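*Asks:* Take this structure first; my questions come after.
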Amino acid sequence: MLLALAQWLKSDASYLRVVNYLTFRAVMATITALLIGFVCGPAVIHKLSILKIGQSVRKNGPQTHLIKSGTPTMGGVLILIAIAISTLLWSDLTNRFIWIVLLVTCAFGVIGWIDDYRKVVYRDPRGMSSREKYFWQSIIALFAAIYLAFSFAGSDNACVFDLFIVWLRSRILVGLPAHADLALPFLKAISYPLGIWGFIILTYLVIVGSSNAVNLTDGLDGLVIMPIILVGAVLGVFAYVMGSAVYSKYLLFPHIPGAGELLIFCSAMGGAGLAFLWYNAYPAQVFMGDVGALALGSALGTIAVIVRQEIVLFIIGGVFVAETVSVILQVTWFRYTKCRYGAGRRIFKMAPLHHHFELSGWHETQVVVRFWIITFMLCLFGLSTLKLR
């Protein structure tokens with residue numbers, strides 16, 4: 001919005017040309033989201049408290065969490081508002097990638113809002129059924145996957161719907177260009193061609209998987225928001241590189257026109273996340289809720305797909321992956337042993353993984369900070385793939 005205004009007024013105010021610089025707008029997006037979070041945070045928390053939208057703590061969880069019952073939840077709304085306003089203000093609104101990321105983020109946020117609302121109104125810690133939640137996640141993820149597939153298939157100004165019609169008329173034989181191939185870290189000349197069907201399937205799995213992985217990680221004060229900020233920052237760097245014809249050529253990455261604008265979204269997410277952490281740090285004044293976790297996880301997955309760094313997301317989001325794997329292992333082993341021996345057995349004291357460490361004697365803040373440190377190291381390792389190839 002402000003970019004279009006600056007371009008309209010640049011003949012009368014030459015100093016507004018600075019708005020054309022992507023890095024300047026990224027910094028301003030961070031500051032804007034940060035200020036929105038700080039200014040609106042107390043009012044949002046107060047409103048949630050008045051409406052008695054408090055966290056419902058599961059009885060079979062760690063007993064130390066029972067004191068958190070009643071703490072305002074659905075604070076992810078604050079993050080989404082800050083991201084949306086900041087992104088719309090500072091990004092190029094003609095960029096198709098910005099709109100699809102915003103759409104996916106808000107749509108998953110709606111799913112999370114409904115889930116949180118049911119938890120609050122009906123006092124049921126389970127919220128939406130897993131089947132219902134997965135169904136709507138799948139619908140949105142498939143839409144995004146198909147849209148992105150045809151976005152990559154055409155030129156920067158081509159209509160996605162027209163490309164879809166061409167694809168149908170060609171009897172589904174049209175492939176994707178080389179820059180849509182699956183990139184392999186540390187290998188500069190090797191990538192794996194997916195084709196449209198492979199691209200759609202992989203995109204679907206990444207978006208749904210990252211959304212649920214982030215949601216599983218959200219269980220302690222401040223635990224999930226800092227990894228989201230760090231992972232988003234790394235993806236923002238990749239977006240900047242992929243969107244630049246100069247840097248992508250120098251670092252031997254495929255050039256993806258328009259991808260650089262996602263740096264604005266990542267910057268806004270970082271600013272909104274830092275503002276939220278101010279209120280979410282131990283002891284938390286507000287919880288993110290599914291409305292924030294599902295939305296931000298889907299945003300990370302969508303951005304990773306656009307910049308063709310799905311494997312790097314798997315690396316830098318190692319904490320999210322470990323939390324998800326711990327749940328899968330726990331449930332699978334429990335069901336197997338129950339069927340085999342008549343009584344279910346557990347690998348971990350409790351899943352997700354952060355609860356296991358809590359019950360092992362780590363204080364909540366120790367778990368949180370140590371997971372932050374692990375994420376920071378993984379992000380540095382992920383950034384190393386820019387040059388070590």
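*Asks:* Find which of LEU353, ASN280, SER267 sits farthest along the positive direction of the dipole of the stretch 239-389, computed with +1 on the beta-carbon of Lys and Arg, -1 on that of Asp and Glu, about the Cα centre.
*Replies:* My answer, from the dipole projection, is LEU353.
*Asks:* Using a cut-off of 11 Å between beta-carbons, work out the net charge of the residues near VAL331 (Lys and Arg +1, Asp and Glu -1, VAL331 not included). Provide the component values of the computation, followed by the final result.
*Replies:* Details: positive: ARG335, LYS338, ARG346; negative: none.
Summing Lys/Arg as +1 and Asp/Glu as -1 gives +3.
*Asks:* Quick query: amide H of LEU182 versus all other amide H atoms, modeled in the peptide plane; which residues come in under 5 Å with a sequence gap of 5 or more or a different chain?
*Replies:* TYR192, LEU194
*Asks:* I'd like the distance between the alpha-carbon centres of the stretch 255-331 and the stretch 183-205, rounded to an integer number of Å.
*Replies:* Centre-to-centre (Cα) distance: 21 Å.
*Asks:* Could you give the length gained by full extension between LEU103 and ARG17, i.e. 0.36 nm per residue of separation minus their alpha carbon distance, to one decimal place?
*Replies:* Details: separation 86, 0.36 × 86 = 30.96 nm, distance 2.90 nm.
Roughly 28.1 nm would be gained on extension.
*Asks:* Calculate, in nm to one decimal, what SER138 and GLN366 gain on full extension: separation in residues at 0.36 nm each, minus their alpha carbon distance.
*Replies:* Values: separation 228, 0.36 × 228 = 82.08 nm, distance 3.54 nm.
Contour length minus Cα-Cα distance gives 78.5 nm.
*Asks:* Defining a contact as two alpha carbons under 8 Å apart and six or more residues distant in sequence, what relative contact order in percent does the stretch 229-273 show?
*Replies:* Numbers: 56 pairs, mean separation 21.5, N = 45.
It comes to 48 percent, rounded to a whole number.
*Asks:* While we're here: Run the quick spin-label model on ALA281 and SER130: label points 7 Å from Cα toward the beta carbon, then report their separation in nm to one decimal.
*Replies:* Inter-label distance under the simple model: 3.6 nm.
*Asks:* Can you work out ³J(HN,Hα) from phi for every residue in the stretch 288-300, in order, using Karplus 6.51 cos²θ - 1.76 cosθ + 1.60 and θ = phi - 60°, giving whole Hz and x for Gly and Pro?
*Replies:* Each residue's phi maps through the Karplus curve to give 5, x, 5, 4, x, 5, 5, 5, 5, x, 5, 5, 4 Hz.
*Asks:* Mind grabbing the accessible area of TYR282 for me, 1.4 Å probe, Å², rounded to tens?
*Replies:* Its accessible surface works out to 120 Å², give or take rounding.
*Asks:* Considering only protein heavy atoms, with the full assembly of protein chains and a 1.4 angstrom probe, order ILE45, ILE201, ILE303, ILE85 by accessible area, largest first. Display every interim value, and only then the final one.
*Replies:* Details: ILE45 20, ILE201 100, ILE303 0, ILE85 75 Å².
Order by accessible area, largest first: ILE201, ILE85, ILE45, ILE303.
*Asks:* Okay, next question. Just how much of GLU364 is accessible, in Å², when a 1.4 Å probe is used and the result is rounded to the nearest 10?
*Replies:* 20
*Asks:* Just how much of CYS40 is accessible, in Å², when a 1.4 Å probe is used and the result is rounded to the nearest 10?
*Replies:* So the heavy atoms of CYS40 present about 50 Å² to solvent.
*Asks:* Moving to a separate point now. With a 1.4 Å probe and all protein chains kept in place, how do TYR122, TYR240 rank by accessible area, largest first?
*Replies:* TYR122, TYR240
*Asks:* Right, next: Would you mind computing, in nm to one decimal, how far apart the modelled labels at SER49 and LEU93 are, each placed 7 Å from Cα along Cα→Cβ?
*Replies:* 3.6
*Asks:* How high is the FRET efficiency between ILE374 and TYR336 when r is their beta carbon distance and R₀ equals 35 Å, given to the nearest 0.05?
*Replies:* Values: r = 29 Å, r/R0 = 0.83.
Efficiency at R0 = 35 Å is approximately 0.75.
*Asks:* If you average the alpha carbon positions of the stretch 336-359 and of the stretch 112-152, how far apart do those two centres end up, in angstrom?
*Replies:* 27
*Asks:* Estimate the FRET efficiency between PHE186 and ARG345 by the formula 1/(1 + (r/R0)^6), using the beta-carbon distance for r and 56 Å for R0, to the nearest 0.05. Walk me through the numbers on the way to the answer.
*Replies:* Numbers: r = 39 Å, r/R0 = 0.69.
Once rounded, the FRET efficiency stands at 0.90.
*Asks:* Tell me, in nm to one decimal, what length is gained between LYS387 and LEU329 on full extension, where the rule is 0.36 nm per residue of separation less the Cα-Cα distance?
*Replies:* On the way: separation 58, 0.36 × 58 = 20.88 nm, distance 3.50 nm.
Gain in length upon complete extension: 17.4 nm.
The values are calculated or read from the model by the stated rules, or taken from the named source; none is laboratory data. Computed from a predicted structure; not experimentally measured. Ideal geometry is used to build each Cβ from the backbone, glycine not excepted, and the neighbour counts take in all protein chains shown. Please note that ligands, DNA and RNA were not included when accessible areas were found on the heavy atoms of the full protein model with its side chains. Shrake-Rupley method; radii C 1.70, N 1.55, O 1.52, S 1.80 Å.
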